[in-house]
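Scroll down for the structure; my scribbles are underneath it.
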Amino acid sequence: MLKTARRSHQGFFKQLVLRQIRQDYLQNLTGFAWLFLQPMMLLAVYAFVFSTIFKARIPDSGGVGFAAYLAIAFWPWTAFAEAVLKASGSISAHAGLVSKVAFPRELIPLATVTATFIMHGAGFLAVILVLALTGTPIHWWLLPIAALLFLLLWLFASAITLFTSSLQVFVRDLAQILPPLMTLWFFITPILYSVAMLPPRMAAAMQWNPMTWFTVQFRDLLLYGKLDVALLNPLAWLAIPLFAYAGLRWFRRFSGHFEDFL
């Protein structure tokens with residue numbers, strides 16, 4: 001009986017993911033093209049402003065061009081930020097489904113995060129191919145480890161959305177609060193710049209930002225072919241799964257009251 005229910009939930013989760021992909025990206029050509037065009041346009045704008053107008057130079061870039069340096073960090077961030085923002089409102093967006101069908105409610109935000117990461121993961125791979133074809137050396141042999149890192153980033157996004165999606169059911173203002181918070185998080189993450197460009201105290205404080213670790217590791221793996229001790233940071237590989245478990249417990253604690261507020 002338990003196995004049957006589990007298989008049923010797995011099938012339902014798969015359907016939710018496929019539905020989200022069709023709805024957001026594949027239902028029309030514009031949605032699918034926008035998946036690649038929006039980050040590309042933002043990347044082009046940032047690259048032009050910082051490298052052409054402000055003449056930005058990254059001190060520890062190792063000869064890598066600014067556009068490539070930016071792209072390798074920008075795409076994972078885009079997947080993360082879009083997943084958090086979309087999934088945070090997913091319970092409210094599926095109010096009819098939540099009130100009429102019995103299933104584990106956490107499948108809704110997790111399906112939204114998963115669909116977003118699948119599509120942006122494909123976009124990230126396409127960008128890496130474009131960088132390689134245009135002359136940027138890519139360390140392909142470390143791509144499987146980068147894929148594991150991308151999976152850990154998915155888990156981190158899922159953990160956050162388990163908290164925010166449940167909270168947004170009761171605190172509707174969270175939908176207006178999250179976008180500026182994510183913008184602030186973007187600028188305090190070394191995506192447009194390097195940690196080496198910051199004053200020592202600020203650089204030390206930046207290490208407490210978990211997205212700093214992800215950003216540095218993606219660049220080290222794919223652009224510089226570096227496998228260093230920082231990649232095995234237990235605060236990431238152990239704390240993030242624990243954070244996700246806490247998020248799941250939090251979500252299930254309040255999910256029984258969703259119907260009263262939707």
**Prompt:** Please state the relative contact order of the chain as a whole percent: Cα pairs under 8 Å, 6+ residues apart?
**Reply:** 26 percent
**Request:** Classify segment 62-107 as rounded, prolate or oblate, taking a ≥ b ≥ c as the square roots of the eigenvalues of its Cα gyration tensor: rounded when a/c is under 1.5, otherwise prolate if a/b is larger than b/c and oblate if not.
**Result:** prolate
**Request:** Work out the length of the dipole vector of segment 2-261 about its Cα centre, built from +1 on the beta-carbon of each Lys and Arg and -1 on the beta-carbon of each Asp and Glu, and round it to the nearest 20 debye.
**Result:** 540 debye
**Prompt:** Pick from Ala205, Ala67, Ala115: which is most flexible by mean-square fluctuation in a GNM of the chain where alpha carbon atoms under 10 Å apart are linked?
**Reply:** Ala205
**Asked** So how tilted is helix 2-21 from the main axis of the chain? Cα-based, degrees 0 to 90, rounded to 10.
**Response** 50 degrees
**Complete:** If the chain between Met197 and Arg253 were fully extended at 0.36 nm per residue, the gain over the current Cα-Cα distance would be 15.8 nm
**Asked** Looking only at Cα atoms, what is the convex hull volume of segment 42-179 per residue, in Å³?
**Response** 133 Å³
**Message:** Rounded to the nearest angstrom and ordered from largest down, what semi-axes does the equivalent ellipsoid of the chain get from its C-alpha gyration tensor (root of 5λ)?
**Reply:** 34, 20, 18
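Any read-out appearing in this document is the output of simple, stated calculations on the displayed coordinates, not a laboratory observation. Remember, it's a predicted structure, so these values are computed and weren't measured experimentally. With ideal geometry, Cβ positions are generated from the backbone for all residues, glycine too; neighbour counts draw on all protein chains shown.
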